[in-house]
Amino acid sequence: MSDFTPTERTQVMRLPKRGKYDAETVYKILDEAFVCHVGFIAGGQPYVIPTNFGRVSDKLYLHGSAASRMLRTLSQGIPVCVTVTLVDGLVLARSAFHHSVNYRSVVILGTAKLVEDPTEKMEALRLFTEHIMKGRWDEIRWPNEQEMKGTTVLSLPLEEVSAKVRVGGPVDDEEDYAMPVWAGVLPLGMTKGEPVPDARLKAETPIPDYIANYSR
Ligand SMILES: Cc1cc2nc3c(=O)[nH]c(=O)nc-3n(C[C@H](O)[C@H](O)[C@H](O)COP(=O)(O)OP(=O)(O)OC[C@H]3O[C@@H](n4cnc5c(N)ncnc54)[C@H](O)[C@@H]3O)c2cc1C
């Protein structure tokens, strides 16, 4: 697990001490998240499309319909920017100006590659699924030939990468600390709800532990 080297394009400019380039921080963010935003230009128009991803080692996997413009465009090897964001809390200051958000985010620059080899593609789909819900792949029906044909899988190498992290409470101007207004952090996070069984679920089917105890 080697750290990332900031480049001219990934050097955090605003509040640079929040910039992180160590692999541990980057991978931890990528492993807690499973939604990213993929930025690319098609026909001169920039698009930023939300999508799921999986991370394994130094690769990010994207998948979807073979008809998807995003995947068709990216498979041509054009430059792409992928952003992942986790929101940890609202930072409530005494002044409007010093309000903030505690967050952890990652920006990845590079070019994606089509995963074509059928064995590698199936493995990528397994890793993608396991990234989002560990334990699921072994229980479900795996994609058949036709489903594989209709699915595009891309891999994006984690090479030019930055993370940015904000933690802690508000930092107010000295004269504002006397104000009688609540200040602090309202932590926010993703929580699991109660599983809702499918209407056609066989009544005796137990809920697996990986669903009952799901957490990121
Ligand atoms: C949390 C999340 C996870 C997703 N995971 C996947 C995934 O793993 N694989 C996958 O293929 N797709 C995923 N999607 C759907 C994805 O965002 C696109 O809608 C999908 O890829 C369709 O692409 P397309 O090429 O047909 O759309 P395009 O042809 O690129 O879309 C045409 C236009 O439709 C509109 N549009 C498309 N998608 C969205 C959107 N999500 N929200 C609002 N407007 C939109 C935009 O205006 C866009 O320019 C996910 C979406 C969300 C929100």
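In table form, for the structure just shown:
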read-out	value
Mean separation of Cα contacts under 8 Å (6+ apart) over length of segment 1-64, as relative contact order %	22 percent
Peptides ranked, highest mean first, by Cβ atoms within 10 Å: ranges 187-197, 112-122	112-122, 187-197
Taking segment 35-102 and dividing mean pair separation by its residue count, relative contact order in percent (alpha carbons under 8 Å, at least six apart)	28 percent
Under the Karplus curve 6.51 cos²θ - 1.76 cosθ + 1.60, θ = phi - 60°, whole-Hz ³J(HN,Hα) for segment 31-47, x wherever Gly or Pro sits	7, 7, 8, 9, 10, 10, 10, 9, x, 7, 10, 10, x, x, 9, x, 10
Virtual spin-label span in nm between GLU174 and HIS98, 7 Å along Cα→Cβ	1.2 nm
VAL48 versus ILE140: modelled label distance in nm, points set 7 Å from Cα along the beta carbon direction	2.8 nm
19 Å Cα-Cα reach of LYS134 towards lysines, excluding residues that sit fewer than 8 places from it in its own chain	LYS28, LYS59, LYS121, LYS192
Helix-only CD estimate at 222 nm, as mean residue ellipticity for the chain, using -39500 (n - 2.57) per DSSP H run (n ≥ 4)	-5000 deg cm²/dmol
Segment 81-213, Rg to Rh (Cα coordinates; Rh as Kirkwood inverse mean 1/r)	1.14
Most fluctuating residue given options ARG136, ARG55, ARG14, as computed from a GNM of the chain linking Cα atoms under 10 Å	ARG14
Extension gain from THR85 to GLU120, taking 0.36 nm per residue of separation minus the Cα-Cα distance	9.8 nm
Options SER68, PHE128, VAL84, ranked by Cα towards positive dipole end of the chain, top entry (Cβ charges)	SER68
Peptides ranked, highest mean first, by Cβ atoms within 10 Å: ranges 201-207, 31-37	31-37, 201-207
Computed over the chain: relative contact order in percent, which uses C-alpha pairs under 8 Å that are six or more apart	27 percent
Listed residues SER57, ILE140, PRO16: farthest to the positive end of the dipole of segment 1-142 (Cβ charges)	PRO16
Sequence-distant residues sharing a close amide H with ASP88 (under 5 Å, placed H)	ASN102, TYR103, ARG104
Among PRO180, HIS98, GLY44 the positive-end extreme of the charge dipole of the chain (Cβ point charges)	GLY44
Amide H contacts of LEU60 (H built 1.01 Å from N, under 5 Å, at least 5 apart or other chain)	LEU156, LEU158
Dipole in debye (nearest 20) - the chain, about Cα centre, beta carbon charges: Lys, Arg +1; Asp, Glu -1	460 debye
Added length on full extension, which subtracts the Cα-Cα distance from 0.36 nm per residue, SER57 to SER2	18.7 nm
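Read-outs: derived from the displayed coordinates by stated rules, not from any lab. What you see is a predicted model; the values in this text were computed from it and never measured. Using ideal geometry, Cβ is built from the backbone for each residue, glycine included, and neighbour counts are taken over all protein chains shown.
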